[in-house]
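See below for the structure under consideration.
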Amino acid sequence: RAKKGGKPALDRKTSGNIAPPAAPDAPPATPSWKAKSDAFRNAMQSSRAVSAAIATGAPLPPPVPSAPDPSLVPCPHCNRTFSSGAAERHIPKCTSIRAKPSVLKRGGGGNASKGPATPNGTSGRNNKTSSW
């Protein structure tokens, strides 16, 4: 049967518009929202288990490690992770850093908020005595 435009009708079974079936041995890719949702659900479940153990006095369950974020790029020099744009800026600079610490500790700069040290060993703040 012909359409109004004069083109012959295509049979759906014989047209090339049908996608080939997926490989049976390959699992379907999990969308990112699903992976984030599963990670959140696991975190909530482990939190409930810890709360229940504290309430009953039972021993705490072992901590569940979180999976690293796959969207972050690790630096090969300092092992820190960055977004792709920040990694492009950081990695070339990180190769030329000479005074690189061997271990980076989170919260290692705890004395930075206390201010500069004075010659007598105090921080210079909250001194009760004055020199004038």
Residues within the range 34-64 that are open to solvent by less than 100 Å² (accessible area, probe 1.4 Å) and of a type outside the set (A, V, I, L, M, F, W, C), tallied: 9
Selection count where residues are of a type in the set (A, V, I, L, M, F, W, C), over 23 Å from Ser32 (Cα atoms) and open to solvent by less than 90 Å² (accessible area, probe 1.4 Å), scope the range 76-105: 4
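The values are calculated or read from the model by the stated rules, or taken from the named source; none is laboratory data. It should be emphasised that the depicted structure is a prediction, and the values quoted were computed from it without experimental measurement. All accessible areas refer to the heavy atoms of the entire protein, side chains included, with ligands and DNA or RNA removed. Shrake-Rupley method; radii C 1.70, N 1.55, O 1.52, S 1.80 Å.
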